[in-house]
Amino acid sequence: MNLIIMGAPGSGKGTQAALICKKHELPHVSTGDLLRKNIADGTELGKKAKAFMDAGKLVPDELVLALLKDRIEKSDCKNGFLLDGFPRTKAQADALGKIVEIDIALNLDTDLNKLADRMASRRVCLKCGYSTSAELAPDGKCKECGEPLVIRDDDKREVVENRLKVYAENTAPLVEYYKAAGVLKNIDGMQSIEAVNAEIEAILK
Ligand code: AP5
Ligand code: MG
């Protein structure tokens, strides 16, 4: 199963991807997570990507494409994977289509005006990548490894505004792209995490 989970910043892609991948034993391929790992490790790619990410802009296609290709060529992706945050432009979608066939593109449909609040309360673990919200982690500690949770660099209000704008301009048109390809499944992303997951599981059955 080659899956994509699409949706605006803060729509719940990472949250749902973690649940889907655990249940279906699929590798979770998040270009955002891979880029943040490169920044944390101080790689050349990380150095190039950081300024774009901190400004809420897209990292150039050629950099992300190389990163993505490298990841999905690894043996754990042989029997399928879930892409989170990729593709984000038509050029990325075209390039992806030349490498693999996509079976289902899950689209988390959300009200863009309500997502800034979700991102303001997101808390992440820089050590293991665990992500949650301030409400769900009142002790401020990672449930997986106990490290202190922090606010993501690009979750500041002004950066979030730009990310939402960039999404509307560059990535939202991919909903039509995958609809035309006959693989799009729309999900109401404004429900609770559990209800969104139940809708996804009904589709994956
Ligand atoms: P990326 O890391 O992919 O960020 P994003 O797309 O902006 O999405 P987020 O990770 O912010 O949100 P999410 O949808 O995963 O939501 P989450 O589940 O965490 O990309 C970051 C940057 O990297 C980009 O801006 C760009 O610069 C670069 N980049 C990455 N990929 C690229 C590419 N392909 N091309 C070019 N550049 C690229 O949930 C958010 C919060 O809401 C959490 O606190 C969560 O607990 C909560 N929540 C989740 N679901 C619900 C719900 N149903 N109800 C209430 N709260 C919920
Ligand atoms: Mg995410």
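The values are calculated or read from the model by the stated rules, or taken from the named source; none is laboratory data. Computed from a prediction, not measured in an experiment: that's the story for all the values here. Cβ coordinates were reconstructed from backbone atoms using ideal geometry, including for glycine residues, and neighbour counts include every protein chain displayed. We work out accessible area using only protein heavy atoms, side chains counted, and drop any ligands, DNA or RNA first. Shrake-Rupley method; radii C 1.70, N 1.55, O 1.52, S 1.80 Å.
Is it the case that Asp109 is within 23 Å of Leu184 (Cβ to Cβ), touching a strand residue (DSSP E or B) at 6+ places or on another chain (Cβ under 9 Å) and open to solvent by 70 Å² or more (accessible area, probe 1.4 Å)?
On the way: within 23 Å of Leu184 (Cβ to Cβ): yes; touching a strand residue (DSSP E or B) at 6+ places or on another chain (Cβ under 9 Å): yes; open to solvent by 70 Å² or more (accessible area, probe 1.4 Å): yes.
Criteria met by Asp109.
Condition first: more than 19 Å from Met6 (Cα to Cα), within 12 Å of ligand 1 (Cβ to nearest atom), of a type in the set (Gly, Ala, Ser) and touching a residue at least 12 places away in the same chain (Cβ under 8 Å). Can you find one or more residues in the range 137-154 that meet it?
Within the range 137-154, one or more residues are more than 19 Å from Met6 (Cα to Cα), within 12 Å of ligand 1 (Cβ to nearest atom), of a type in the set (Gly, Ala, Ser) and touching a residue at least 12 places away in the same chain (Cβ under 8 Å).
Of the residues in the range 171-180, how many are surrounded by fewer than 17 Cβ atoms within 10 Å (Cβ to Cβ), within 17 Å of the chain's Cα centre (by Cα) and not hydrophobic (A, V, I, L, M, F, W, C)?
Qualifying residue count for the region: 1.
Consider the range 1-23. How many of its residues are touching a strand residue (DSSP E or B) at 6+ places or on another chain (Cβ under 8 Å), assigned to a helix (DSSP H, G or I) and open to solvent by 20 Å² or more (accessible area, probe 1.4 Å)?
4
Checking Ala180 against (1) within 22 Å of His24 (Cβ to Cβ); (2) out of contact with any Asp or Glu (no Cβ under 6 Å at 6 or more places or on another chain); (3) among the small types (Gly, Ala, Ser), which test does it fail?
Checking Ala180 against (1) within 22 Å of His24 (Cβ to Cβ); (2) out of contact with any Asp or Glu (no Cβ under 6 Å at 6 or more places or on another chain); (3) among the small types (Gly, Ala, Ser), the one that fails is (1).
Would you be able to say whether some residue in the range 36-46 is at pLDDT below 95 and under 13 Å from the mean Cα position of the chain (by Cα)?
So far as the range 36-46 goes, yes, one or more of its residues are at pLDDT below 95 and under 13 Å from the mean Cα position of the chain (by Cα).
Within the range 82-95, can one find any residue that is modelled with pLDDT of 95 or more, farther than 30 Å from Asp41 by Cβ, assigned to a loop (DSSP other than H, G, I, E, B) and not aromatic (Phe, Trp, Tyr)?
No, every residue in the range 82-95 fails to be modelled with pLDDT of 95 or more, farther than 30 Å from Asp41 by Cβ, assigned to a loop (DSSP other than H, G, I, E, B) and not aromatic (Phe, Trp, Tyr).
If you take the residues of the range 133-170 that are assigned to a loop (DSSP other than H, G, I, E, B) and either aliphatic (A, V, I, L, M) or at positive phi (or both), which of them is surrounded by the most Cβ atoms within 10 Å (Cβ to Cβ)?
Restricting attention to the range 133-170, the residues satisfying the condition of being assigned to a loop (DSSP other than H, G, I, E, B) are 134-140, 142-147, 149, 151-152, 156.
Retained after the next criterion (residues that are either aliphatic (A, V, I, L, M) or at positive phi (or both)): 134, 136-137, 140, 146, 149, 151.
Details: Ala134: 13, Leu136: 10, Ala137: 17, Gly140: 10, Gly146: 11, Leu149: 20, Ile151: 14.
Applying the filter and picking the extreme gives Leu149.
Go through the range 24-55 residue by residue and tally those that are away from ligand 1 (no atom under 12 Å from the Cβ) and open to solvent by 50 Å² or more (accessible area, probe 1.4 Å).
Residues in the range 24-55 being away from ligand 1 (no atom under 12 Å from the Cβ) and open to solvent by 50 Å² or more (accessible area, probe 1.4 Å): 6 in total.
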